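The values are calculated or read from the model by the stated rules, or taken from the named source; none is laboratory data. Just so you know, these numbers come straight off a predicted model, no measurement behind them. Ideal geometry is used to build each Cβ from the backbone, glycine not excepted, and the neighbour counts take in all protein chains shown.
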Amino acid sequence: MSTLQRRDADLFLESVRLADVAERFGTPSYVYSRAAIESSWRAFDEGLAGTPHLVCYAVKANANLAVLGVLARLGSGFDIVSGGELARVLAAGGRPEKVIFSGVGKGAGEIRAALEAGIRCFNVESEPELVRLDAIASSLGRRAPVSLRVNPDVDAGTHPYISTGLRGNKFGIPHERALAAYEVAARLPNLDVIGIDCHIGSQILDPAPLLEALDRVLGLAAQVRARGIPLEHVDIGGGLGIAYRMGEQPPDVAAWCRTAAAQVSSAGYGIVMEPGRAIVGNAGVLLTTVEYLKEDKERRFCVVDASMSELLRPALYEAWHDIVPVAVRPGEEKAWDVVGPVCESADVLGSDRVLAVSPGDRLAILSAGAYGMAMSSNYNSRPRPCEVMVDGSRAVEVRPRESVASLFAPERLID
């Protein structure tokens, strides 16, 4: 993360000392860099320059209004997967004509709201969804712009839980049935078929599967066009990975964009991309405080105040996040399992981390900007943390920490 730097002993995000953020706002707390978000988005936008394109940020990665607002000011589009995400995008100043609606289970109310808002396109994932969309559009006296999400049966080579392009995944329409689905869509009177879409997975570090999927989708698009169904754009999804640990080499964003844009534009289409993690993942950290050190066990445990409730990825995917001291202190380095207070053995944020730590020290869990706060919960009745946006030398609280009372305020006792 280029905006994250150590100056002498202290860790800074942009020009803000993270120890000061922890002191001011408490821990656990998520902290995001505005400059990092803007730089990452521009890398996609500039990489696609010269080709009609739309970079649609995948809202599910991090849906904080401040994050969405920063991207909306840049002119970003948005890839949404729920009516709630649509409402957030509009509240943050996003333009509905730059919104793509993906997802396998769009409800009738969500479809209606999106049609009324005037979004750019629905990425349709099944023939029954086509029928539902046509009926709702008819009831509103509108036409629904659609793109079919095709499952190209390409292995993204990533964790099974974030792989979406294989035959056995729930996403998309099977490649061999796609032409028939396009013919159904073209016959429905209230739909406008404008694109083709695929997304094969997330945290992809080798671009080869992305290229294979793009080749298959372009081949299918040519067959759709040959059936007399014109398409305006090819949506190649997102999925580019980031470096979570030393030695990982994610694909070069600019190079990937140039390669994809060249292939898509030469076939006569505009291009849509849906990056999420690649924009916000390395823009955020989770700050936490050491509560206890337990050295009387078979393993050493560094117990911190963050947990799987705040950052689920390690428990869900066995994902790695680097963990570093907010301020380097002198002391003996030892291997620790960094764990949280949640009553689950899976509540491990990092194993065998070599640290010199004492109770009260602050730690930073890196690359936590994507799927951190977005997947957080109130398990064990834990209030979710605050979120802070760093902008140059200022740190702004963009979502306050929840209170315990707020967690059960809507609940009712019965006699």
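Data for the structure
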| item | result |
| --- | --- |
| Criterion: among the hydroxyl-bearing types (Ser, Thr, Tyr), touching a Gly at 6+ places or on another chain (Cβ under 7 Å) and at pLDDT 95 or above - qualifying residue of 163, 147, 138, 202 | 147 |
| Test: residue in region 27-41 that is more than 18 Å from residue 391 (Cβ to Cβ) and among the hydrophobic types (A, V, I, L, M, F, W, C) | no |
| Wholly enclosed helices (runs of 4 or more DSSP H) of region 163-266 bearing at least 1 residues of a type outside the set (Ser, Thr, Tyr) and within 30 Å of residue 322 (Cβ to Cβ) | 208-226, 253-266 |
| Qualifying residue in region 236-257 (condition: among the acidic types (Asp, Glu), in contact with a Ser or Thr (Cβ under 9 Å, 6 or more places away or on another chain) and in contact (Cβ under 8 Å) with a residue 24 or more places away in the chain) | no |
| Top-ranked residue in region 1-24 [being in a loop (DSSP other than H, G, I, E, B) and over 25 Å from the mean Cα position of the chain (by Cα); ranked as surrounded by the most Cβ atoms within 10 Å (Cβ to Cβ)] | 15 |
| Residue within region 296-316 that is among the acidic types (Asp, Glu), farther than 20 Å from residue 4 by Cα and free of Cβ contacts under 8 Å to residues at least 12 places away in the same chain present | yes |
| Residue list for region 386-408, filter: within 16 Å of residue 67 (Cα to Cα) and either free of Cβ contacts under 8 Å to residues at least 24 places away in the same chain or not β-branched (Val, Ile, Thr) (or both) | 386, 387, 389, 391, 392, 394, 395, 397, 399, 400 |
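Residues are listed down the side, and each one gets a yes or a no for (1) out of contact with any Phe, Trp or Tyr (no Cβ under 6 Å at 6 or more places or on another chain); (2) at pLDDT 95 or above; (3) under 17 Å from residue 121 (Cα atoms):
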residue	(1), (2), (3)
9	yes, yes, no
18	yes, yes, no
22	yes, yes, no
25	yes, yes, no
49	yes, yes, no
59	no, yes, yes
65	yes, yes, no
85	yes, yes, yes
89	no, yes, yes
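Every residue, every condition in (1) touching a helix residue (DSSP H, G or I) at 6+ places or on another chain (Cβ under 8 Å); (2) in the same structural domain as residue 307 (by TED's automatic domain parsing); (3) surrounded by fewer than 17 Cβ atoms within 10 Å (Cβ to Cβ), yes or no:
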residue: 378; (1), (2), (3): yes, yes, yes
residue: 384; (1), (2), (3): yes, yes, no
residue: 392; (1), (2), (3): yes, yes, yes
residue: 397; (1), (2), (3): yes, yes, yes
residue: 403; (1), (2), (3): no, yes, yes
residue: 413; (1), (2), (3): no, no, yes
